[in-house]
Each structure stands twice: as structure tokens, then as C-alpha cells.
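What follows is calculated from the coordinates using simple rules that are stated; it is not laboratory data. Nothing here was measured: the structure is a model prediction, and the numbers come from that model. Glycine gets a Cβ as well: all are built from the backbone with ideal geometry, and neighbour counts include every protein chain shown.
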Amino acid sequence: MDYTKFKLKPTDELTPLLEGKDKLLVVACNKCFKEFISEDEPECGELEALAKSLGKTVVGCAKVDFLCNRTLTEKKLADSFADAENVFVISCGLGIQTVADFAGKPVYAAADSFSLTAGAHGMALTERKCEACGQCYLNSTAGVCPIVDCSKSLVNGQCGGAKNGKCEVNKDMDCGWEKIYRRYEQQGRVDELLNQPTQLRDHSKVNFKFVNDYVKSVRESRFEGYYGGVHPSEGKELSEHCGLVPFPAPKTVVIPMSQHLGAPAEPIVAAGDTVHVGQKIGEAGGFVSSPIHSSISGKVIAVEPRLHPTSGAMVTSVVIESDGKNTLHESVKPYGKSIDEITADEIVEIAREKGIVGMGGAGFPTSVKLKVAKPVEAVLLNGCECEPLLTADHRALLEYADEIIFGLKVMIKTTNAERGVIVIEDNKHDAIELLNAKVADIPNIEVVVARTKYPQGAEKMLIKRVLGRQVPSGGLPLDVGAIVANISTAKALSDAIQLGMPLIERVVTVTGEKIKTPGNFVVKIGTPVSELVEYCGGVTCPSATIKMGGPMMGFKLSTLDVPILKASNGIIAIESDEITPVECIKCGRCVDVCPMELQPLYFQKQSDEQNWQGMLDKNVRDCIECRSCEYICSSKISLVSKIKAGKKAIQEMKA
């Protein structure tokens, strides 16, 4: 299988093209829409050999995947042009023009584009730049295609009808031939343009328009905020209208000691002990750890290994049988100081003692996050809830707005940040209106509305969208002056200070097309998932897949006999996938949508080969496991499972 859309020009065309040119940089595209192989494509070596046989100096040869993807290509080639006087590109017209746009040196097409079938050409994140006409003019036009960039497709100069640099046919379009002239002018080659011979066009060759208006609009919008991302069906209408309902207290809770990033908590109760609501039952196991508290009052009936819903491991858990009284522990009382009176150190200690952790999925201890060692410009509260189906954060914004704002004020004070930002996606109009009204008179807090796109809520994407800064590879938000927290974490911090209540309950969405009666509930930590599903009428199909979390990053549950955790924002029941993966066709879609600007297609191949060093070299540890690549994959390959296997192997390799 090979749908490559270009071929190296024959020697009798390349030889005169190379005449009078030296210090050559050869840039070659590794081709797309073909069998994914590890070996180098031959064209780069062939051109390099020809050039050297003609006495030319080749200063470098760069081989790039998906050359037409300017975002990644420009970064890869940033240091490649210094010693070159001329750049020869082996690619289809898309890649040639991409390089010509930023090289700052004369760029020549060393290959011809051709069409194979409508729609097979130009699938990368670029605007339409090539018609795959099979008779490339780029060497005569400084890398600007006259067929596409001129609305009349003129190949021998402008028509004379342009006004103020705009086309007379399409006034929103720049004159293509003026662009060509300016490019030659910038490179000091105007005489070369003026002395070009007359060009002839063979209209019998294939000429098709491969990108329709819809795809063009998608590509233009995809770069908004941050690179990549996808637009899965949201499905939020199933539960977004459902107000928060206190879920009935369970008769028995199972509370794992591992509900956070870092060391597990150490149980400090034993079977037979009586406990109360908010009582500490697990002590933090280290600096990066968090205490665990009882969510009900009653008797401890066991301290034993139980199945963890997301890791799949057996972890130490405290099992408590309710006495039905929900008696508060004596430690649950307001702190008694205003925001002005309370100190940063006191806030950090409260966050630690009350077991506050990130509630957007990662479960990072909030006390550690707030103990900053670098200046903080902004605290960003994530209210995007970009995962499809889930509406827990949406309902929390509507029903706990005051508590969330209080929690944000506390975070600003603790980190000495300049400002706070509540980021909400534009599909939550009611929450945006409410929060805007609530913060209108607070000078250092604002609401930023982000265009809906997945994974908008990932902290690195949020920082790029709001602050326009890129967290460096292997770096942290603090490295660019930011702290990111979930809105539910802010609410929990507010409860810890104003009520003295530890993190013992959270908002959970139970939804999906296979749930009979979706809803949003305030659920005690340790509540069995089975009780939530049963309360909502059960599933409508016995073969449904049930996940903890959303459809993109959620964890498939093999049993419902597992508890709700501090970071459990949803339980969903969806249609089971019955898809058989096939071989990678190197379409490049995973590269187009990866928000971390990685190349997931390599990870699947390297994982299968157990090439862990190769995965490390390709920065697999920067992957946030958002599943955008897997969602878009034409071959339906389970990319994230292969990425996780690679990360685990690398960790063991370094141990």
C-alpha cells in the first residue's frame, strides 16, 4: 500500500536545476499514506549523490515527517539553514511551499506532485496550497504556487487587475503574483523572475480541488488557543440540566489509601474502631501524599486490600459500616479567620490536613502545589470540563460559585499571584454569565471564555490558551508563572477553611446513552459505583461499557464493586467498541491532533518493537494520554495503551 503523492524529478530535469547553485540543504518528506516503515526513504540519498557528482557541496540533509505541518516542521528545521545558500525540497507541493514560507533562502522543488485519487492529497493541517497538477511551477515562482494562489491560475505573471494587493476576482484574496514578486524581491532575485521563459500548462493533466470549505474551516479553527485537539460529540445534553442531588449515604464505604499522586496514606484505624464524619483515618505517607478521612460515621469492619478502580491493583483500604447517624468529628469546625487574617502557611497546612487534592483527574496534593518556590503570575481555575458527557464541573460552577471564588482568592493569597482566572468553555453560557456577574467587582479575578475543544482542560493547553506560554518539555506550569487547579478543588479548599470539612465528598455525573436516568450527584467518597448505577435505573444494555471518568480519558471498569474516589468526576455507560485495529497507514492525523506536538505513530511501532529508548527520544513522557490520537486514528490502533506500556518500561529502565 503506497499512496505517496510525489516522486523525485528525473536526472535530466535536476541537472539543469542544480546548475549555478551550491551549498545545498536537502530537505525530504518521509512520505505519508503508505506503509509505515522504519527505513529511510531513498530519494534524499539519490539527490545528494547526484549533487555531489556534479561537484556541489551538500551542507545537510534533513528528513522530516509530514513536512507540510508547519508548526512542527519549522521547529525541526530551525537551525538547519545557516550554512545553506539554496534549499532543495523533496516533497509534494504542500511541503515545498511550507518550507519556502519560512526558509528565507531560495527554495527549489526537487520532486513533482501528482494525484492518485480525489481526497488523498493534502490531509495535514495546512490551507490548500497544491492542486497536485503533476506539472510543478514552484521553481519558477520562488515556492509560491500560481495555480492555487492566483484565483485565475495564471502561470506567466499577473493580470493587472489587482488593487491594493488584492485580487479583482476575490477581494479577500492576496494577489498571487504580487506574493511571488515580493518573495523574489526579498531574496534579491527579481532579475531571475523577469527573465523566466513563457510557461505552458497542460490542462489535460489531473486538476482537482481536494479540500472543501468545511475541512478548510476546521483547519483554520484548530489552531485557536493551542495546537491540535479534536471535537468529539459532546453528549452533555443528557445531564447538563440536572441539578445537584445529595446521593443517599451508603450502608458501607470502601475508602482506599491511594487516592492521590505520590505515596499512599498509612491507615491509623483498625477493625472495630468507631469513626465519625471527617475523622482522619489515614495519615499522609510522605511529602507528596495526602491524608484520608472518613465520609460516614460508623464502625471500621476491615482494613484490607481492595480493588482500586483506576489502577486495577489491590490497595490497602478502610471499610466502614454506617451507623446511619452521620455524626461529625470534633475536628470539623470552621477555621475562624478571614482571608485577610489567615496566612499562606496556615492555608497550606489546612489543605494538607484536610486531604485536599486535585479533583480534575490527577489527584496531585494541593498543599504541595500551593507551596511555591517561584513567582506566580496567575492561578488558573479549570472550569472547561472538556471531556464529553461529563457535567459535574458545570453544575458545580452554577451551584457553588461563591465557594469556588473564595477558594480561588485563597489560592491567589497563598501563592502571592498577581491574578486569578476562571476558564470556562463557551458551551456553558449560564455558568459564564453567572461567574462574570460574581467577579465583576473583584479587580484581580476574571473569567476567560475558551472555545470548546478537547483537551482544553489539560493544564498545559489551558496555559497556552490563556497566557500564550508553552510549558517546556519535562517542565511544570510553575516554570512559566502559572498554577492550574480544578474548580472542584477550589470548592473543597473553601469547605476546608469555612466549614472545617475535609475532602469526603464530591460532585459526580452518572450519564451516557446506556444509563437509564442520568444525573449529577453529591457523593460520599467510598460509595460503591454499583449503587450509583442502580440508583440511576441501571444500564439499558447488558453489553454496555462502563467507565470511571469520561469517554476519552476514563478507565473501563471490569466490575462495579469499586468505590468513588476523590478524583472520580463521572460514571458513564456507553456503547462498547467492536473495532479491530489494522496496520498504520501513516496518514499523519495523530500528528495533526496531538496537543503536545508529538508523533504518536512512532510510539505504536516502537512499543511493539520494545524500543523504549526510541520512545524516550521521541519525548513520550510529555504525552498527557488525552487519547486525541487514538480518537482520530484511521487504523483504530490502541495508541494510548502502547504509550502507557512505553512509559512504564522507561520508568523501570531508569530505576
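Points to keep in mind about this one:
- Listed by chain and number, the aspartates and glutamates placed with their C-alpha closer than 14 angstrom to that of Lys524 are Glu321, Glu505; residues fewer than eight positions away on the same chain are left out.
- For segment 543-655, alpha-carbon Rg and Dmax in angstrom: 15.2, 41
- Counting only residues at least eight positions apart within a chain, or on another chain, the lysines with an alpha carbon under 16 Å from that of Lys56 are Lys21, Lys23.
- Assigned charges on the beta-carbon of Lys, Arg, Asp, Glu; segment 496-562 dipole about Cα centre (debye): 140
- Gain on full stretching of the segment that runs from Lys23 to Leu194 - 0.36 nm per residue minus C-alpha separation: 59.1 nm
- Peptides 616-624, 189-197, 448-456, 359-367 ranked from most to least packed, by the mean per-residue count of other Cβ atoms within 10 Å: 359-367, 448-456, 616-624, 189-197.
- Calculated FRET efficiency for the pair Glu609/Ser331, C-beta based, R₀ 60 Å, to 0.05: 0.65
- Among the listed pairs Lys618/Lys648; Lys333/Lys556; Lys31/Lys605; Lys280/Lys371; Lys354/Lys516, those whose Cα-Cα separation exceeds 27 Å are Lys333/Lys556; Lys354/Lys516.
- Taking 0.36 nm per residue of separation and subtracting the Cα-Cα distance, full extension of the segment from Gln186 to Glu578 would add 135.6 nm.
- Segments 511-523, 293-305 sorted - mean Cβ within 10 Å per residue, highest first: 511-523, 293-305
- Subtracting the Cα-Cα distance of Leu476 and Glu304 from their residue separation scaled by 0.36 nm leaves 58.4 nm.
- A Förster radius of 41 Å, combined with the Cβ-Cβ distance separating Ala440 from Ser151, puts the computed FRET efficiency at roughly 0.30.
- Estimated FRET transfer efficiency when R0 is 41 angstrom, pair Ala344-Thr517 (beta carbons, to 0.05): 0.35
- Distance from segment 416-482 to segment 331-375 (C-alpha centre basis), Å: 20
- 11 Å beta-carbon shell around Lys354, net charge (K/R +1, D/E -1): -1
- Backbone N atoms of segment 299-328 closer than 19 Å to the 7 Å Cα→Cβ label point of Glu652 belong to residues 311-314.
- Close amide H partners of Glu505, meaning residues 5 or more places away or on another chain with modelled amide H under 5 Å apart, are Ile525.
- The modelled label-to-label distance for the pair Ala78/Val315, using points 7 Å beyond Cα in the direction of Cβ, is 3.8 nm.
- For segment 599-654, the average shadow cast by the Cα convex hull is 3.4 nm², which is a quarter of the hull's surface.
- Among beta bridges that DSSP assigns inside the chain, antiparallel share in %, nearest 5: 55
- Remark: Ile504, Ile564 ranked as Ile504, Ile564, counting other beta-carbon atoms within 10 Å and listing the fewest first.
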